[in-house]
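Coordinate-derived values only; no laboratory data. Nothing here was measured: the structure is a model prediction, and the numbers come from that model. Don't worry about glycine lacking a Cβ; one is built from the backbone with ideal geometry, like all the others, and counts go over all protein chains shown.
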Amino acid sequence: MTYRWEITRDVLAPGVIAIVRTQDAQSAIDAAVPLLDAGFTSLELPLTNPGALEAIAHLAKTNATIGAGTVLDEASAVLAIRAGARFLVAPNVEPAVIRTAHRHGVAVIPGAATVTEIVHALELGADAVKVFPAPTPRWVSDVLAALPHAPLVPTGGITPDTVPGYLAAGAASCGIGRALTPAHRPPRG
């Protein structure tokens, strides 16, 4: 049995959570394999990807810690967990998602944009808090001056070049998507 704190440690320790946004299950797997081969150990597959649950089920068989992103409600959380997700990421603070993750022993990283939302997420039991869209490293260090216990994960617009600045500012990890898998992204529109 793996405890939720161990999953959280495994997700955050590398300093980067690779976010794989694609057009279908096979393209998600195709985009994930080179990331895994390059040494990434925390991958998030947003449920907005068509075939995300199938891709999660396939990738959950690897040694990486696979999570589901854009988990908006309890039903989606349960489906992602049943597919093999070890952590859930949301763009918002939804108590039902946090409760469901805890009930099933998986880590949960809800999204927040303000200090009030960060505190609310932590009070509900968030294992870490996705800060989206990513603020500046200075904002992260300023928030951590007031909330030094808050494990923040800036996401949205982060690139490999900007990760060191966020980590130096005290971020627990960073979420990177577009910069890692640009060829596999679905078209907008």
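Show me 35-47, 140-152 ranked by packing, highest mean number of other Cβ atoms within 10 Å first.
Ranking, from highest mean packing down: 35-47, 140-152.
What share of the DSSP beta bridges in the chain is antiparallel, in percent to the nearest 5?
0
Of Thr136, Ala68, Pro148, which is farthest along the charge dipole of region 4-183 in the positive direction, counting Lys and Arg as +1 and Asp and Glu as -1 at C-beta?
Pro148
Rounded to the nearest 20 Debye, what is the dipole magnitude of the chain about its Cα centre when Lys and Arg each give +1 and Asp and Glu each give -1 at the C-beta?
Values: 13 positive and 15 negative charges, 15 e Å.
It comes to approximately 80 debye.
Considering Cα pairs under 8 angstrom that are at least six residues apart, work out the relative contact order of the chain and quote it in whole percent.
21
Around Val16, which amide H atoms from residues at least 5 apart in sequence, or from another chain, sit under 5 Å from its own amide H, with H modelled in the peptide plane?
Hits under the 5 Å cutoff: Cys174.
Over what distance in Å are the Cα centres of region 1-47 and region 71-145 separated?
If you average the Cα positions of each part, the centres end up 16 Å apart.
What does the C-alpha gyration tensor say about the overall shape of region 4-183? Classify as rounded when a/c is under 1.5, otherwise prolate if a/b is larger than b/c, or oblate. Don't skip to the answer; put the middle values down first.
Numbers: a/c = 1.80, a/b = 1.23, b/c = 1.47.
Cα axes put region 4-183 in the oblate bin.
What list of ³J(HN,Hα) values in whole Hz, one per residue of region 106-119 in order, does the Karplus curve 6.51 cos²θ - 1.76 cosθ + 1.60 (θ = phi - 60°) give from phi, with Gly and Pro shown as x?
Residue by residue, region 106-119 yields 10, 6, 9, 10, x, x, 8, 10, 10, 4, 4, 5, 4, 4 Hz.
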